[in-house]
Each structure stands twice: as structure tokens, then as C-alpha cells.
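The values are calculated or read from the model by the stated rules, or taken from the named source; none is laboratory data. All of these numbers come straight from a predicted model, not from anything done at the bench. Note that each Cβ is placed from the backbone with ideal geometry, even for glycine, and that neighbours are counted across all protein chains shown. What goes into the accessible areas is simple: the full protein's heavy atoms, side chains included, and nothing from ligands, DNA or RNA. Shrake-Rupley method; radii C 1.70, N 1.55, O 1.52, S 1.80 Å.
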Amino acid sequence: MLSVATRDELAADLAQAERSREPIAPLTSVHPDIDVVDAYEIQLINIRQRVAEGARVLGHKVGLSSKAMQQMMGVDEPDYGHLLDEMQVFEDIPVKADRYLYPRVEVEVGFILADDLPGAGCTEEDVLAATEALVPSIELIDTRITDWKIALCDTIADNASSAGYVLGKARVWPADIDVKTIDAVLTRNGEVIAEGRSDAVLGNPVTAVAWLARKVESFGVRLRKGDVVLPGSCTRAIDARAGDDFVAEFTGLGSVHLSFE
């Protein structure tokens, strides 16, 4: 476990890397004794600082929610990060690719909460009862670590590699769709580049949201009414470049668009 001073130093390094768009070496290579608790505390240091500077937490994202990604990272549970208002991007406004270091996009079935979720005892039934709507979404992920050479604690400390998100216009009540069988197709500049299904996310995206509600409570965080929750990607992550135009189509859930300039 790291000292408080070292956590503060690493949080500052990550924040500076994001501001300057100059990546840093993996935290895990410089401090091999870093653990998951250290990593979450480093993440929270930067989130608290951004909130103190005026940002608002609008929700959370789940990462490493597929078995393939967990096996690659050598873990048996997902991780999570925060979604801030300043991270939200929009379908009708192109994103400047040079705002990021190594941007990628992921296709997700988003949740919008109508009620607070319980913490430690949260169940899938609680999630469905508290969900106002499902929404088509694309998460924009990035890393402040050189060349995406990350281990588990690197991505957790780096806000679970989250950088932005966009929501489509459709809103679907969970009772009107089978959340586990939503097919997703991602096109880039009109060409299909990735396909997947919502059950790639822990077998059911609802499972990921319930896990998140239980997990964040241990760090003094709760999922609240109005929050957006991104439970994990239906497809592999795709690199994004200036000039790319992405559309994600979901069966029964509509579409969402994100372009880069």
C-alpha cells in the first residue's frame, strides 16, 4: 500500500497528463507495490479536485465487465469510474480528437436512474425497479498512460480509462425490452467494424449495475436518482481518429452518433 503523499503525487501526475496530453509511464511500473485500494483512492483524489473546481458527477461507468477483459487483466470482478458533466459530448457537435491522447469508443446500453439505489445489498431487481430508462450510448475511453500499456491499478487510478460519453435520443423502459438480448452494431464512416450483444456484459448489463451499486458504497459513494450508468461495452473498443464518424445501432433501442474532427 502506498503512502498518502505518494497517492497525492500520482494523482497529480495523472491530472497533469490529461491536461497536457502528454502520457506518463504506468503507475504499476514505477510503484509495483500499488494495490486496488490505492488506485481507487488516487481516482477519488482527482474526482474530488475536479468537483471542487466546479465539475458535477452525473453518474458512473463500469469497466472490465466482459470475461475476456477480466481474464486479460487477471481479475475476477469489474472496475468503475466517474462520469462528470464536463465529460459529456453530444451527437450534433463533433469532438476534437486532439483533446485526447489515445481515444477509443465503446458501445453500451446505458441506464438512467429514476430513484436512488441501495448500496451493499443492491440486487438486479432493485436496479430494474429504479431504472427510468435504457438509452443507447457510446463511451469515449482514453488513457493517460503511454500506449495503453496498462495493468489493473493503472486503469482504476485513471478513472477507469474514461474520458467522455454520448447518449442517443431514445429512452426505453426496461419492461419493454429484454435487456440481455440487445444486439449492437457499430459503424465507422459507414462501414461495420464491430458487433456484439448486451449479454457480453457479465451476462446481463443489470448485473453490472447492481455490482457497481454494491462496490461504490465501500468508498462512500452511492448511485442516485438522475445518474447515468454505463455498465460496460457490448463490443471491443475501437480506435478513434479525426474524421471518423461512428454510429451505434441497437435492436429495440435506437441509435447514437459520435463524430471526431
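Quick rundown of the values:
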item: Selection within the range 168-199 - in a loop (DSSP other than H, G, I, E, B), open to solvent by 50 Å² or more (accessible area, probe 1.4 Å) and under 23 Å from PHE111 (Cα atoms); result: LYS169, ARG171, TRP173, ASP178
item: Residue match in the range 75-97 (condition: under 16 Å from the mean Cα position of the chain (by Cα), surrounded by fewer than 17 Cβ atoms within 10 Å (Cβ to Cβ) and at pLDDT below 95); result: yes
item: Residues of the range 19-41 that turn out to be among the hydrophobic types (A, V, I, L, M, F, W, C) and without any contact (Cβ under 8 Å) to a residue 40 or more places away in the chain, as a count; result: 2
item: Residue match in the range 177-187 (condition: over 13 Å from GLY252 (Cα atoms), touching a strand residue (DSSP E or B) at 6+ places or on another chain (Cβ under 9 Å) and among the small types (Gly, Ala, Ser)); result: no
item: Only listed residue being modelled with pLDDT of 95 or more, over 15 Å from the mean Cα position of the chain (by Cα) and within 19 Å of TRP211 (Cα to Cα), chosen from ALA5, ALA68, ALA25, ALA39; result: ALA39
item: Any chance ALA17 is touching a Lys or Arg at 6+ places or on another chain (Cβ under 8 Å), crowded, with 18+ Cβ neighbours inside 10 Å and closer than 27 Å to ARG236 by Cα; result: yes
item: Those residues of the range 1-14 which are in a helix (DSSP H, G or I), without any contact (Cβ under 8 Å) to a residue 40 or more places away in the chain, surrounded by 13 or more Cβ atoms within 10 Å (Cβ to Cβ) and hydrophobic (A, V, I, L, M, F, W, C), in sequence order; result: ALA12
item: Every residue from the range 208-235 that is surrounded by fewer than 18 Cβ atoms within 10 Å (Cβ to Cβ), part of a loop (DSSP other than H, G, I, E, B) and in contact with a Gly (Cβ under 8 Å, 6 or more places away or on another chain); result: ARG222
